[in-house]
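The values are calculated or read from the model by the stated rules, or taken from the named source; none is laboratory data. None of these values were measured; they are calculated from a predicted model. Please note: Cβ atoms are built from the backbone with ideal geometry, for glycine as well, and neighbour counts cover all protein chains shown.
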Amino acid sequence: MIFEFTKPNGEKVTKYNPAYVYISCQLSTPADSLTAVFIGEDYNDYKCVRVIYEDKVIFTGVVDEVKTTVNEDGLSHTYRCRSLAGCLLDTQLMPQNIQNINDTAIYHRYLKPYGITIKNLTGKPLKALVNISKGQSVYSLLNYFCGKLYNTQPRINQYGEAVLNGEINSSSFVFTNGCNNLESNCYSCTEIQVENKRYGVISRVYVRNTLNGSYGLTVKNKSAIEQDIDAVRYLDAEPSSGNCIYDADRIIENSNKASLAIKCKCPCFVFNPLGGEAKVVVNSKEYSNLEINSVSYMYSKNGVVTTITMNRKGQLNAG
């Protein structure tokens, strides 16, 4: 595993053979995190880092802090880092109103200064007045822009590229406790945990979308009905609420997604699975149409272990 550090003056320093590395990436968390431990003396001040494993970039980010430890085992330095999304979370915007902002303006004003790139700038404007209040971060603006224009959350990937339209991964993966070499991207696992949850599944959402205060519209969850689950929610979708009736489907969809959680531990390196589609085969049982929502890498002298978690892929409610 290769670490390419950059000093504040731009000088590059390459370090090899860390004693320990842990990288965590989650769809629900804007910034990926990295912890790395190196043995030996090194008092350089580092600003940025890029990590390469098996000739592939797996992390690009900033160095947040360094902890130096001296004990009976010698001298070590622990580096705690975040991906470049951390810069967007830390930086506040000047309070202002922005009219019809587009991805080109966002890139040049707010992303390019941190070394973040965007593939295929469209120039498509968000046809609205965006009010930036005191204390709002750059990431909050980017998140609002992507939510309104693409109904997605932005993602800064391992290369430092901003993905705005939600298309962060088009690959498919197979995980199994056996071995199946006939399928591409198939990985044997040392441990698979399958968790089926009834708790949290929503069976019905009652929606109020008129001015008379009545929750007269009912959206049902076909999957919950089949499982004899009875849990309800109430949604105010009046014009002044900021919600809409389609949010009822999203509530049900999210509850269905979370009802199945699978964790796979692979004794190898799995490159860039986050956001991909997955299938898990456990003995004779097959789970398909899954979305990978969390990935972690743990590196030590014994090699790399990849831990992957996934849920059901989002589907529109058919109830």
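Between a first residue in region 80-105 that is in contact (Cβ under 8 Å) with a residue 12 or more places away in the chain and a second residue that is part of a helix (DSSP H, G or I) and polar (S, T, N, Q), which pairs have beta carbons less than 9 Å apart while being 6 or more apart in sequence or on different chains?
Short answer, once both residue conditions are applied: Leu88/Ser140; Leu89/Ser140; Leu93/Ser140.
Quick one: which residue in Asn165, Asn209, Asn185 is farther than 30 Å from Arg82 by Cα and of a type in the set (S, T, N, Q)?
Matching residue, one of Asn165, Asn209, Asn185: Asn209.
When the residues of region 40-60 are filtered to those that are in contact (Cβ under 8 Å) with a residue 40 or more places away in the chain and under 20 Å from Asp90 (Cβ atoms), which remaining residue is farthest from the chain's Cα centre (by Cα)?
Residues of region 40-60 in contact (Cβ under 8 Å) with a residue 40 or more places away in the chain: 46-54, 56-60.
If we keep only those that are under 20 Å from Asp90 (Cβ atoms) as well, we get 46-50, 59-60.
Numbers: Tyr46: 25, Lys47: 23, Cys48: 21, Val49: 20, Arg50: 19, Phe59: 13, Thr60: 15 Å.
Here the residue is Tyr46.
If we keep just the residues of region 97-127 that are basic (Lys, Arg) and within 27 Å of Thr6 (Cβ to Cβ), which is modelled with the lowest pLDDT?
Applying the filter and picking the extreme gives Lys119.
Which one is surrounded by the most Cβ atoms within 10 Å (Cβ to Cβ), of the residues in region 14-39 that are more than 9 Å from the chain's Cα centre (by Cα) and in a loop (DSSP other than H, G, I, E, B)?
Of everything passing the filter in region 14-39, Pro18 is surrounded by the most Cβ atoms within 10 Å (Cβ to Cβ).
Please give the number of the condition Val163 fails out of (1) loosely packed, with under 13 Cβ neighbours inside 10 Å; (2) within 27 Å of Lys263 (Cβ to Cβ); (3) of a type outside the set (Phe, Trp, Tyr).
(1)
Within region 155-209, how many residues turn out to be closer than 27 Å to Asn143 by Cβ, over 23 Å from the mean Cα position of the chain (by Cα) and part of a loop (DSSP other than H, G, I, E, B)?
Qualifying residue count, region 155-209: 2.
If you scan region 279-299, which residues turn out to be farther than 29 Å from Asn221 by Cβ, more than 19 Å from the chain's Cα centre (by Cα) and either at pLDDT 95 or above or of a type in the set (Val, Ile, Thr) (or both)?
If the condition is that a residue be farther than 29 Å from Asn221 by Cβ, more than 19 Å from the chain's Cα centre (by Cα) and either at pLDDT 95 or above or of a type in the set (Val, Ile, Thr) (or both), then Tyr299 is the only one that fits.
From the list Ile132, Ile156, which one is at pLDDT 95 or above and either of a type outside the set (Gly, Ala, Ser) or more than 30 Å from Asp55 (Cα to Cα) (or both)?
Ile156
Is region 47-61 home to any residue that is more than 23 Å from Val304 (Cα to Cα) and either surrounded by fewer than 19 Cβ atoms within 10 Å (Cβ to Cβ) or in the same structural domain as Asn293 (by TED's automatic domain parsing) (or both)?
Yes: one or more hits.
Quick one: in region 183-223, which of the residues that are small (Gly, Ala, Ser) and modelled with pLDDT of 85 or more is surrounded by the most Cβ atoms within 10 Å (Cβ to Cβ)?
Ser203
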